[in-house]
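K.L.:
Got a structure for you, written out below as structure tokens; questions coming shortly.
The values are calculated or read from the model by the stated rules, or taken from the named source; none is laboratory data. Since the structure is predicted, the reported quantities are computational estimates derived from the model, not experimental observations. Cβ: placed from backbone, ideal geometry, glycine included. Neighbour counts: every protein chain shown. What goes into the accessible areas is simple: the full protein's heavy atoms, side chains included, and nothing from ligands, DNA or RNA. Shrake-Rupley method; radii C 1.70, N 1.55, O 1.52, S 1.80 Å.
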Amino acid sequence: AVERTLSIIKPDAVAKNVIGKIYSRFESNGLKVVGAKMLHLSQELAEGFYAEHKERPFFGDLVAFMTSGPVVVSVLEGENAVAAHRDLMGATNPKEAAAGTIRADFAESIDENAVHGSDSAASAAREISYFFKDEEVCPRTR
Ligand code: CMP
């Protein structure tokens, strides 16, 4: 089924100037950008986004990293978008990510791993509405 997922190009990848290379992978693999914005996340916005990880030992470092520079937040639409996007990203730890995935090619460490993607349809719905108003998502009619 056609789904939507939330994608974040993280501060390390924005700093490397590979926004276009990452978008190109989405576009060449059947995912369409239907929402997009560049943001420099505040502490509050980053903490709220990652609230499910609040008790994890890496939470403080994660929030510090995600607020260290601008990010590009996008809504991607396509057939099985959640899984398709996760396949393109590769494993959370770039050292375990399959060759040719975004994390294998652009990320250095589990902390600075270039991209985030929703892990389920339910989290996609929550994450999309966290960053986008309804009218900021633009369905493609052609
Ligand atoms: P992301 O998909 O953005 O979700 C939470 C992030 O925490 C994850 O990517 C990693 O960048 C980061 N992280 C750091 N350490 C860990 C860990 N041990 N397990 C999972 N995520 C981690």
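K.L.:
Residue 134: accessible area at probe 1.4 Å, nearest 10 Å²?
P.N.:
Result for residue 134: roughly 140 Å² accessible.
K.L.:
Rounded, prolate or oblate, given the Cα gyration tensor of region 84-142, with a/c below 1.5 counting as rounded?
P.N.:
prolate
K.L.:
Ok, one more. Expressed as a whole percentage, what fraction of the accessible surface of the chain belongs to carbon and sulfur atoms when a 1.4 Å probe is rolled over the protein heavy atoms?
P.N.:
Its accessible area is 51 percent carbon and sulfur atoms.
K.L.:
Write down the accessible area per residue of the chain in Å², having rolled a 1.4 Å probe over the full set of protein chains.
P.N.:
52 Å²
K.L.:
For residue 95, list the lysines whose Cα falls under 24 Å from its own Cα; do not include residues on the same chain fewer than 8 positions away.
P.N.:
Here the lysines satisfying the reach criterion relative to residue 95 are 10, 16, 21.
K.L.:
Just in region 75-119: which GluC sites (Glu not before Pro) are loop by DSSP and have at most 13 other Cβ atoms within 10 Å?
P.N.:
108
K.L.:
Considering Cα pairs under 8 angstrom that are at least six residues apart, work out the relative contact order of the chain and quote it in whole percent.
P.N.:
With pairs under 8 Å counted, the relative contact order is 37 percent.
K.L.:
Using θ = phi - 60° and the Karplus curve 6.51 cos²θ - 1.76 cosθ + 1.60, what whole-Hz ³J(HN,Hα) does each residue of region 70-82 get, with Gly and Pro shown as x?
P.N.:
x, 10, 10, 9, 9, 9, 10, 10, x, 4, 6, 4, 4
K.L.:
Can I ask one more? Filter the trypsin sites (Lys or Arg not before Pro) in region 53-131 to those in DSSP coil with at most 14 other Cβ atoms within 10 Å of their Cβ, and list the result.
P.N.:
Taking region 53-131 and a limit of 14 other Cβ atoms within 10 Å, the loop trypsin sites (Lys or Arg not before Pro) found are 54.
K.L.:
Net charge around residue 132, counting only other residues with Cβ within less than 13 Å of its Cβ (Lys, Arg = +1; Asp, Glu = -1)?
P.N.:
Overall, the nearby charge balance is -1.
K.L.:
Same structure, new question: Go through 6, 38, 28 and say which Cα lies farthest out towards the positive end of the charge dipole of region 1-48; charges sit on Cβ, +1 for Lys and Arg, -1 for Asp and Glu.
P.N.:
Sorting the options by dipole projection puts first 28.
K.L.:
At 222 nm, what value in deg cm²/dmol follows for the chain if DSSP H runs of at least 4 each add -39500 (n - 2.57) and the sum is divided by all its residues, to the nearest 500?
P.N.:
It comes out at -10500 deg cm²/dmol, rounded to the nearest 500.
K.L.:
Taking N as the number of residues in the chain, what value does Rg over Cα atoms divided by 2.2 N^0.38 Å take?
P.N.:
Computed over Cα atoms of the chain, the ratio equals 0.98.
K.L.:
What shape does region 1-52 take by its C-alpha gyration tensor, where a ≥ b ≥ c are the square roots of the eigenvalues and a/c under 1.5 counts as rounded, a/b above b/c as prolate, and the rest as oblate?
P.N.:
Judged from the Cα gyration tensor, region 1-52 comes out oblate (a/c at least 1.5, b/c at or above a/b).
K.L.:
Run the dipole for the chain about the Cα centre, Lys and Arg Cβ at +1, Asp and Glu Cβ at -1, nothing else charged, and hand back the magnitude in debye, nearest 20.
P.N.:
Approximately 400 debye in magnitude.
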